[in-house]
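In what follows, a single structure is set out as structure tokens and then discussed.
Taken together, the values in this text are just the output of simple stated rules run on the coordinates, not laboratory data. Bear in mind the structure is a predicted one, so any value in this text is a computation, not a measurement. Cβ: placed from backbone, ideal geometry, glycine included. Neighbour counts: every protein chain shown.
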Amino acid sequence: MNALNQIILEGNIVRQPERKEMPSGSTVCTLPVAVNRRYKTQGGDVAEEVSYFDVDAYGNLADVCAKWCPKGRGVRIVGRLKQNRWKDEDGKAHSRVKIIAEHIEFKPFQKKIEDESPAAADAPTKAQKLAMLAEAAGAASRELDAAEPVF
């Protein structure tokens, strides 16, 4: 029996994603995501903490993320945790946990109050948003079709 390893994460892209070609020819896109958490302290004050996570997307999903995930974009990611372990030159053991994306939902872009601001000029049009959603859905569908069934 397999153990459960699934995570759902919702946050914002904090830097432009990095897309790389692997030696095998497949692509990987690393998305740096910030997740905010608000909570009440024992004194009754509201506090906020921010956690940062590296999310890796592979294949068609990586291509879509590289194209449609600019800095500041909200995303919801369903994936799994993967731990990488290695030893450095001195023999010291290191470990790092990453999130491997299996599905990514893109949040709508926030409308700007001033339509004439420079940031508003960079915002995608409705047609571009629809094309982006169609492309993301197609990539997710191709990834599911290509996945081998698990029995």
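Below, the figures for the structure above:
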| item | result |
| --- | --- |
| Coil-residue GluC sites (Glu not before Pro) of segment 1-107, DSSP, other Cβ within 10 Å capped at 11 | GLU89 |
| Paired Rg and Dmax values of segment 46-94, which use every Cα atom, in angstrom | 15.9, 45 |
